[in-house]
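Q: Once you've had a glance at the structure underneath, I'll fire off some questions.
No lab work stands behind these numbers, since they all come straight from the coordinates. On a predicted model such as this, the values are computed, not experimentally measured, just so you know. A quick note on method: Cβ atoms are made from the backbone with ideal geometry, for glycine too, and the neighbour counts reach across all protein chains shown.
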Amino acid sequence: MINEAYKAMLGGKSVIRELSEYATARGKEIGYDNVFDYSLGNPSVPAPPDFARTMVDLYTNGDPVAIHGYSPSLGIPSVKEAIADSLNRRFGTAYTGNHIFPTTGAAGALAHAMRAVTKPGDEIITFAPFFPEYMPYVNGTGAHLTVIPADTANFQINFEAFEAALNPNVQAVLINTPNNPSGAVYSAETLTKLAALLTAKQTEYGHDIFLISDEPYREIVFDGNTQPYPANFYANTLTCYSWSKSLSLPGERIGYVAVNPAATDADLLEPIMGQISRGTGHNCPPSSIQLGVAKVLDETSDLSVYETNMNLLYDALTSIGFDVVRPGGTFYIFPKALEEDATAFCLKAKEYDLILVPSESFGVPGYFRMAYCIDTEKVKRSIPALEKFAHEQYGL
Ligand SMILES: Cc1ncc(COP(=O)(O)O)c(C=O)c1O
């Protein structure tokens, strides 16, 4: 008999994927150039040439048995050490290779981190707006996801609501900064306050509360700023990362969990994640890709186009009359819709070939997300369509 729980999920497919499929189909009718597809967070800039050179060199001159062979189940030691060194250089941390667990992207990292520190029936707290896939990620572990309402003034943490929701069943708190979909970059002040609250609650409840910090957009930060490193604020932090966005490698499925050496049972968490892999059939990411990224750890793609696009859109949206918080990073912007029903708003936008994602699945009603990882030239061409849409439908 098929599994009824998964069957039920078929009715709740990703809105983002469905919109992206619509945009592709519409592109076949009118030419994809004419569809202002702001649906999907797929990087629009190529991986750095050094990555291709490294892979060509590996395939040409490397030992094929090693390159295509099984990775050790906890990852390739030299790769793990290189990742630890790179983090230590950049963030002043004290990781060793044994604190790094390579995974298939940030999704794989989150799957391991959540299972390592929660059991079915436990509660994980996250903050709206949040990446919609958190719901199936958490449901798949048997834990329960509690969503704290957004602080729409700046999309930092709504501490009042958070404190009210905390209870002894909470074993983990899941943050995402820089944030998809709001573009907010959690400040040092936010992270300090979060750490103080979690530390106090750990003492009050008499058990650990782990912070799972999802950071695939860590390097996409604007105005010359950087993302403060959450693990430096709170000992019990599991950092989940991927090179999907910073190196434009989402299809290669490569990331890691970094276990803060100061965390409780830090030395056990990486081997425990190895056991989680055995149970889920995850295994390690491909050996070749582990070896490849290890050579370009301190590089990124040319990410500047995202800041250019953000500025163009932010200026256009505010001058049209949208209410919008300026993103500090990522390649998303999250304006308020021009009517309460964001789905109805986005449906109307489709008539102008503007593909916008309604905010309900991000845990906030009445907003929409634009993923501006597209050509700048297309962003510019979309502005008259945005103006026409807002004018004709809402009189702006
Ligand atoms: C906030 C967030 N977390 C996790 C992921 C999953 O990342 P990956 O593709 O590296 O698995 C994404 C992908 O878009 C994301 O936006």
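Q: Mind checking the full-extension length gain between Arg89 and Thr60? Use 0.36 nm per residue of separation minus the Cα-Cα distance, one decimal, nm.
A: 7.4 nm
Q: Within the range 260-281, which residues have the backbone N less than 20 Å from the label spot 7 Å out from Thr96 along Cα→beta-carbon, could you tell me?
A: Label zone hits: 260-275.
Q: Let me ask something else. To make sure I understand, if each residue's beta carbon is the centre and we count other beta carbons within 10 Å, what order do Phe368, Phe159, Phe101, Phe233 fall in, fewest to most?
A: Taking fewest neighbouring Cβ atoms as first place, the list is Phe159, Phe233, Phe368, Phe101.
Q: Can you compute the label reach from Tyr22? Point 7 Å from Cα along the Cβ direction, backbone N cut-off under 17 Å, restricted to the range 302-338.
A: Once the point is set 7 Å along Cα→Cβ of Tyr22, 337-338 turn out to lie under 17 Å by backbone N, inside the range 302-338.
Q: Quick one: Karplus J couplings for the range 164-173, per residue in order, coefficients 6.51, -1.76, 1.60, θ = phi - 60°, nearest Hz, x for Gly and Pro?
A: Once θ is set to phi - 60°, the couplings for the range 164-173 become 5, 8, 4, 7, x, 7, 6, 10, 8, 10 Hz.
Q: What number, in percent, do you get for the relative contact order of the range 49-295 if the mean sequence gap of Cα pairs under 8 Å and at least 6 apart is divided by its residue count?
A: 28 percent
Q: Next up: How high is the FRET efficiency from Glu351 to Ala52, r the C-beta distance, R0 35 Å, rounded to 0.05?
A: Computed FRET efficiency for Glu351 and Ala52 comes out at 0.30.
Q: Would you mind counting up the charge near Gln227? Only other residues with Cβ under 15 Å from its Cβ, with Lys and Arg at +1 and Asp and Glu at -1.
A: -3
Q: Same structure again: List the residue ranges in the chain for DSSP H helices whose C-alpha atoms run 30 angstrom or more along the long axis and whose Kyte-Doolittle average is 1.6 or above.
A: none
Q: Provide Met1, Met55, Met310 in ascending order of the number of other Cβ atoms located within 10 Å of each residue's Cβ, fewest first.
A: Met1, Met55, Met310
Q: Right, here's the next one. Extension gain Ala344-Asp33, at 0.36 nm per residue separation less the Cα-Cα distance, in nm?
A: Computed gain between Ala344 and Asp33 is 109.5 nm.
Q: With a 10 Å Cβ neighbour count serving as the proxy for reagent exposure, in which order, fewest first, do Glu219, Glu4 appear?
A: Going from least to most buried by this count: Glu4, Glu219.
Q: Return the sequence-ordered ³J(HN,Hα) values of the range 141-147 in whole Hz as given by the Karplus equation 6.51 cos²θ - 1.76 cosθ + 1.60 applied to θ = phi - 60°, using x for Gly and Pro.
A: 8, x, 7, 10, 9, 9, 10
Q: Among the aspartates and glutamates, select those whose C-alpha is under 17 Å from the C-alpha of Lys295, and discard any that sit fewer than 8 residues away in the same chain.
A: Result set, ordered by chain and number: Asp50, Asp57, Asp63, Glu81, Asp85, Glu252.
Q: Is the shape of the range 55-208 best called rounded, prolate or oblate, per the rule: a/c under 1.5 gives rounded, else a/b larger than b/c gives prolate, else oblate, with a ≥ b ≥ c the square roots of the Cα gyration tensor eigenvalues?
A: Verdict is prolate for the range 55-208.
Q: Another question, if that's okay. Say R0 is 25 Å: what FRET efficiency, to the nearest 0.05, do Ala200 and Ile272 get from their beta-carbon distance?
A: 0.40
Q: Let's see if you can work this out: charge +1 on each Lys and Arg Cβ, -1 on each Asp and Glu Cβ, no other charges. What is the dipole magnitude of the range 296-381 about its Cα centre, in debye to the nearest 20?
A: 220 debye
Q: May I pose another question? Quick query: amide H of Asp214 versus all other amide H atoms, modeled in the peptide plane; which residues come in under 5 Å with a sequence gap of 5 or more or a different chain?
A: Residues meeting the criterion, in which the H sits 1.01 Å from N, are Ile175, Asn176, Thr177, Cys240.
Q: Under the rule of -39500 (n - 2.57) per DSSP H run of 4 or more residues, summed and divided by the residues of the chain, what mean residue ellipticity at 222 nm is obtained, to the nearest 500 deg cm²/dmol?
A: -13000 deg cm²/dmol
Q: May I pose another question? About the Cα centre of the range 49-295, how large is the charge dipole given +1 on each Lys and Arg Cβ and -1 on each Asp and Glu Cβ? Please answer in debye to the nearest 20.
A: The dipole of the range 49-295 has a size of about 400 debye.
Q: Run down the lysines and flag those whose C-alpha is under 18 Å from the C-alpha of Lys380, throwing out any fewer than 8 positions away in its chain.
A: Partners within reach: Lys350, Lys388.
Q: Additional query: Kindly state, to the nearest 0.05, the FRET efficiency for Asn154 paired with Asp315, given R0 = 25 Å and r defined as their beta-carbon distance.
A: 0.85
Q: Between Ala8 and Thr376, what is 0.36 nm times their sequence separation minus the Cα-Cα distance? Round to one decimal in nm.
A: Extra length available between Ala8 and Thr376 comes to 128.5 nm.
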